[in-house]
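Before I ask anything, let me first share the structure, which is written out below as structure tokens.
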Amino acid sequence: MLHSENQVEEESRVDVASRERVGLVLLAVFSIIYFVFILLCAFANAWFASITFWDVPATVWYGFGLIALALVIAGVYGRLSRTISK
């Protein structure tokens, strides 16, 4: 059976390039923030661990923040990729 709804949608090269650019920018932002975390843990661990909020070290908060940031960036990318293709 052939259905008229089963049509393949073609994406323009401009839309694909725009989404790639957005993805690379968001990846760069996350990578820089993650790299700072690694540098702090590697070279200033004693100082970084001595900072506490509610008796929890800043390293733990930063780690949770990285996880939350990854989820936020995924949502931003999803939203932007939908608006780019329209």
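Only the coordinates and a few stated rules stand behind these numbers; no lab work does. It should be emphasised that the depicted structure is a prediction, and the values quoted were computed from it without experimental measurement. When we count neighbours, we look across all protein chains shown, and the Cβ atoms used for this are built from the backbone with ideal geometry, even at glycine.
In nm, to one decimal, how far is the residue 50 label point from the residue 72 one, both placed 7 Å along Cα→Cβ?
Each label point lies 7 Å from its Cα, and together they span 2.9 nm.
Arrange the following residues from fewest to most other Cβ atoms within 10 Å of their Cβ: 61, 54, 47.
Placing the least packed residue first, the sequence is 54, 47, 61.
Determine, for 51, 73, the number of other Cβ atoms within 10 Å of each Cβ, and report the residues in order from fewest to most.
51, 73
With r defined as the distance between the Cβ atoms of residue 42 and residue 80 and R0 fixed at 30 Å, what FRET efficiency is calculated, to the nearest 0.05?
For R0 = 30 Å, the calculated efficiency reads 0.35.
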